[in-house]
Structure formats: C-alpha cells, structure tokens
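Colleague: Below you'll find the structure I mean.
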Amino acid sequence: MEKIRRNKWRDLLEKVIEKALLVSAVAAILVVLLISAFIFAQGWPVIQKYGLGHFLFNMEWKPLADPVRFGILPMIIGSFMVTLGAIILGVPLGVGCAVFLAEFAPRRVNKVVRPGIELLAGIPSVVYGFWGLVVIVPFIQQNLGGRGMSVLAASIVLAIMILPTVINISEDSIRAVPREYKEGSFALGATHWQTIKKVILPAARSGIITAIVLGMGRAIGETMAVILVAGNATVVPGSILDMVRTLTAHIAIEMGYAAGEHQQALFATGVVLFVVIMILNSMVLLIPRRAGDE
C-alpha cells in the first residue's frame, strides 16, 4: 500500500515537472515572438517609406540631413568584414586547441586548460574591449600604421571571444567519434596524425561546422568590445587597417539620442540584424543533415 502511494506521488510530481517545463518552453517562445513583433513593428515603417533597396544598399547614413538618408550598407559590410576576420583568426586556433585537448593533452594539462577556456567564456565583453583598446590598438598603430582602431583590431578581439564556443563544440564532436574508427585506422597502419586528418576530423565535420556557425553568430552579435576598438566610422573600410562600424555598434551608439524616424531606422537596422542571426541559426539546423551527404 505504501509503495502504491509513493508511486502515485512520483507520477504526480513527474506530471507537475512536465507541465512546468512545457510552460517554460512556451514562455521562452512567446518572449522571442513578442520581441520580434516589437522590432518589426517599430522598424518596418521606415523600410516601407524609403524602400528596402534604399535602406540596405545606400552608402550614406545622415539622419539629421535634409533630405534624410538611411543607408546601412557600410555597417553591413563592416559587420561581415569583422566577422570574417574573427573566423579566419579564431577557427584554426579553436579547432587546433580542440584536437589537442581531445587527442594529445594529458589529463593534468586538460584540467588546467579547460578552466581557462571556461574563464574566457565568463569574461564580460567590455573587458575584452578595454584590453583590445590598451593592447591591440596601440600595437597595430605602432607596427602597422593607421589609427589602430580598425577592422583588424575588432577581428582579433572577436577571435578571442569566440574561442570558447569553437573549442567546446569542436572538442565534444571529436570525442563523439566512435572509438572503432580510430582503432580501425591504426590497424591499417595509419599514424596518429593521419588518423586525425583523414578519419576523426571528417567524422566530426558536422559538429565543427556547427561550432564555426555559432561562432559567427557570437561575433556578428557582439557590441561593446567592437565599439571600443573598431573606430565606428560610417564608411566602407578600404583595408583591414581602416575604421569600421558594425550593425550592433551602430544601434548602441545612436539609440541614446535618436527620435522619430531616426529611432525607427535604428529599429529597422535591428530587423536586418535579427534576420541575419535567424539565417545563421537555421544553418545550424541544416548542417548535421547536409554534412553527412556525399
């Protein structure tokens, strides 16, 4: 009798927990939908008035001029240049670190390196920005020329910031490769490096690509660190040593004093950024299925 009563209480508790988790999931979805609806409601009137082509491909951003010009092409190009630079610098280092931790690092080294990687993920972005402003910007200015605040400076800072994402997901993917693959490769006479290059990395490809895409999302959505080291000029950079302004920095810098159509144009910029992030997230959902196709 006592056992039956305990089972009933256990079933009731499981049902309560299940409903609570369902409510949490629905609430999260509703929050995202409400934020999306608010951003689109605020930003769409400007896009509708001036045209999507004008908004996306105009080179001038002059909200206080007569007539006004709301062109975000320099910010779009700047965002993608900075993100591409971060991926080029950060992905090889991140994947290499993941391979080292998963295949070569002794347990003692792993215990030291892993907390350091987790610490990188916990450092506030503004701290990265101050570090870049004090260290990276003067180094570029003294050795490469220019003002220091540039695409290169922002790319270096973002490359460091995306390392925890790339390393953690890549390492998990490498460790998830069946041990039989590795043993079979050794049995055929392959060296450890040949096994990593020809067997383990191809087998973990989908996870590594997912890590890269999530790193791109992390980089393109960063604000404070980029504001401090990029220079924030609303022009298309001619080289990696030129100043640049990203979409996120653009919104953060001007939202404090914007009003009327100017504010709506910043919300419209948020719509563009939202769509870009959604496309990246959708790519993550497609990667596992596509990466396995031959």
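The values are calculated or read from the model by the stated rules, or taken from the named source; none is laboratory data. Fair warning: this is a prediction, and the values are worked out from it, not measured in the lab. When we count neighbours, we look across all protein chains shown, and the Cβ atoms used for this are built from the backbone with ideal geometry, even at glycine.
Colleague: Where the second residue is among the aliphatic types (A, V, I, L, M) and the first is over 18 Å from residue 80 (Cβ atoms) and lies in the stretch 44-62, which pairs have Cβ atoms under 6 Å and are six or more apart or on separate chains?
Modeller: As it stands, the answer is 46/265; 46/268; 47/268, since those pairs meet every condition given.
Colleague: Follow-up question, since we're still on this one. Output yes when any residue across the stretch 270-292 is modelled with pLDDT of 85 or more, among the hydroxyl-bearing types (Ser, Thr, Tyr) and either out of contact with any helix residue (DSSP H, G or I) (no Cβ under 8 Å at 6 or more places or on another chain) or under 19 Å from residue 217 (Cβ atoms) (or both), and no when none is.
Modeller: Within the stretch 270-292 (the criterion being modelled with pLDDT of 85 or more, among the hydroxyl-bearing types (Ser, Thr, Tyr) and either out of contact with any helix residue (DSSP H, G or I) (no Cβ under 8 Å at 6 or more places or on another chain) or under 19 Å from residue 217 (Cβ atoms) (or both)), the answer is no, since none of the residues qualifies.
Colleague: Can you tell me which residue among 235, 244 is within 24 Å of residue 152 (Cα to Cα) and at pLDDT below 90?
Modeller: Residue meeting the stated conditions: 235.
Colleague: A further question follows. Need pairs with beta-carbon distance below 7 Å; first residue within 17 Å of residue 93 (Cβ to Cβ) and within the stretch 167-192, second in a loop (DSSP other than H, G, I, E, B); sequence gap 6+ or separate chains.
Modeller: Correct list of pairs: 173/204; 174/204.
Colleague: Which helices (runs of 4 or more DSSP H) does the stretch 133-214 wholly contain that include 3 or more residues that are under 22 Å from residue 119 (Cα atoms)?
Modeller: 151-175
Colleague: Also: Go over the candidates 191, 165, 195 one by one and state the one that is more than 30 Å from residue 131 (Cα to Cα), in contact with a helix residue (DSSP H, G or I) (Cβ under 8 Å, 6 or more places away or on another chain) and of a type in the set (Val, Ile, Thr).
Modeller: One residue alone meets the criteria, 195.
Colleague: Which of the residues spanning the stretch 164-194 are surrounded by fewer than 18 Cβ atoms within 10 Å (Cβ to Cβ), closer than 18 Å to residue 208 by Cα and hydroxyl-bearing (Ser, Thr, Tyr)?
Modeller: Across the stretch 164-194, the qualifying residue is only 181.
Colleague: Pairs needed: first member in the stretch 88-100, crowded, with 18+ Cβ neighbours inside 10 Å; second member anywhere, charged (D, E, K, R); C-beta distance under 6 Å; at least 6 residues apart or different chains.
Modeller: Listed by first residue and then by second, the contacts come to 98/171.
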